[in-house]
Amino acid sequence: MVENRAEIPEKYDLNAKWDACVDLSVHRFVYSSFTGGFVGLLFFRSPVTRWASVAFGVGVGIGSAYSECAKKFNTSAPKLTPLPEAGDE
């Protein structure tokens with residue numbers, strides 16, 4: 001079967017962007033959790049601090065994947081601006 005569809009430019013192909021973002025998120029989640037677990041085993045004795053190390057690694061992986069995917073979709077991560085103080089107006 002031959003399809004007569006025009007080639008979609010890469011910057012408009014949302015399926016490819018979503019595939020890339022899911023792949024990137026899974027890889028960074030897994031690799032950073034393994035890295036956090038390894039660092040926890042290497043440096044910490046308590047199981048609580050070891051799990052905290054894994055949780056920190058997972059957070060770093062998810063955060064970096066989120067910011068990279070935001071760049072792929074030409075959007076930016078929300079910018080945090082300080083609230084004005086009571087005397088500033």
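Report the calculated FRET efficiency for LYS72 and PHE34 (r = Cβ-Cβ distance, R0 = 22 Å), to the nearest 0.05.
For LYS72 and PHE34, the calculated efficiency is 0.35.
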Net charge near LEU24 (other residues with Cβ under 15 Å of its Cβ; Lys, Arg +1; Asp, Glu -1) is +1
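Given a Förster distance of 35 angstrom, what is the FRET efficiency for VAL26 paired with LEU83, based on the Cβ-Cβ distance and rounded to 0.05? List each step's numbers first, then the result.
On the way: r = 36 Å, r/R0 = 1.03.
Here the calculated transfer efficiency is 0.45.
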Classify region 42-83: rounded, prolate or oblate, from the alpha-carbon gyration tensor (a ≥ b ≥ c, eigenvalue square roots; a/c under 1.5 rounded; otherwise prolate if a/b is larger than b/c)? oblate
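Just to verify a number: FRET efficiency for PHE43 and SER64, C-beta to C-beta distance, R0 = 25 Å, to 0.05?
Working: r = 22 Å, r/R0 = 0.86.
Computed FRET efficiency for PHE43 and SER64: 0.70.
Every read-out reported here was derived from the displayed coordinates using simple, explicitly stated rules and does not represent laboratory data. In this text the structure is predicted, and so the values were computed from the model without any measurement. No Cβ is skipped: glycine too gets one built from the backbone with ideal geometry, and neighbour counts run over all protein chains shown.
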